[in-house]
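The values are calculated or read from the model by the stated rules, or taken from the named source; none is laboratory data. Keep in mind that this is a model prediction, so the values were computed, not measured. Because the Cβ atoms are built from the backbone with ideal geometry, glycine has one as well, and the counts that use them run over all protein chains shown.
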Amino acid sequence: MGVVTAVALGVFGKNAVTPAAIARNLVIFVACYLFVFAMGFVVNLFRAPALLDQERMLEITALQGTIKAEQNQSALLKERIDKQLWPDARPKLILERWGPRVAGTIVQAERGFYIANHGEQTALDVTVDGFTVGGRKWISKTIPSIQSKREALALLWKDSCPSGENKWDLDTSLRSVASSKTADYEMPVRVRYRDFNKNWYLTTATLRLLGTGATEFGPPTQDKLGSSA
């Protein structure tokens, strides 16, 4: 605007002061200002999208910060809730071994998985999930309860086993499947159970058939499945 004013005044100074000259100079003066105003409008028109983009970026950054803070708060709340729903005093079952039922000094035909409770609470409704070996399904009988620091035998047998076939012989079935393998045969075994507060748990361990023909369980993991009404 200073440049325009200087130019306009220069034009005024070079012309005689007559009504016609004054009118002409006023027209020139106004035209200069209109030109500058128009140019400023055009420049701002092109700058507007960039300014809007910058404002949007600031808004997005602020929104991302809010979302991050809410996510952190949600994670903290979830951790607190999980801690409350995952009691320290709970049943903790471990798959110990595969073996026969023993009554005194008598080894019986029935076989299954020996399961020990290393937790501080009694495990209820203990059930080994069914699994398949060599195309045949194996099922178990639910154990009503396993007290703390005790173990029990979950009987396991071949489902729909024809007469004359040994329905308890899991190790033989494992060896027949593993005969074509060079490495030890492995499969997961899962046990479901609950506590008195109806919190359900899942213990998972890997059953291995070793090259010697013996079986053993790997280290167990425990997961919480949720609660039932």
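The set of residues from region 163-213 being in a loop (DSSP other than H, G, I, E, B) and either polar (S, T, N, Q) or surrounded by 15 or more Cβ atoms within 10 Å (Cβ to Cβ) (or both) comprises 163, 166, 167, 168, 169, 179, 180, 182, 195, 197, 212. Considering 150, 101, the condition of being touching a residue at least 24 places away in the same chain (Cβ under 8 Å) and out of contact with any Leu (no Cβ under 9 Å at 6 or more places or on another chain) is satisfied by 150 alone. The residues listed here are 13, 65; of these, the one that is modelled with pLDDT under 70, of a type outside the set (A, V, I, L, M, F, W, C) and over 30 Å from residue 154 (Cβ atoms) is 13. Taking residue 125, is it more than 19 Å from residue 200 (Cβ to Cβ) and not in a loop (DSSP other than H, G, I, E, B)? Against the criterion (more than 19 Å from residue 200 (Cβ to Cβ) and not in a loop (DSSP other than H, G, I, E, B)), residue 125 does not qualify. Do we have residue 180 as at pLDDT below 90 and within 29 Å of residue 144 (Cβ to Cβ) here? No; evaluated as a whole, the condition is false for this residue.
Residue by residue, here is whether (1) in a helix (DSSP H, G or I); (2) in contact (Cβ under 8 Å) with a residue 24 or more places away in the chain holds:
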{"site": "63", "(1), (2)": "yes, no"}
{"site": "68", "(1), (2)": "yes, no"}
{"site": "71", "(1), (2)": "yes, no"}
{"site": "95", "(1), (2)": "no, yes"}
{"site": "113", "(1), (2)": "no, yes"}
{"site": "116", "(1), (2)": "no, yes"}
{"site": "137", "(1), (2)": "no, no"}
{"site": "154", "(1), (2)": "no, yes"}
{"site": "160", "(1), (2)": "no, no"}
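Return yes or no: is residue 220 loosely packed, with under 12 Cβ neighbours inside 10 Å and closer than 15 Å to residue 115 by Cβ? Here the answer is no, as residue 220 does not meet what is asked.
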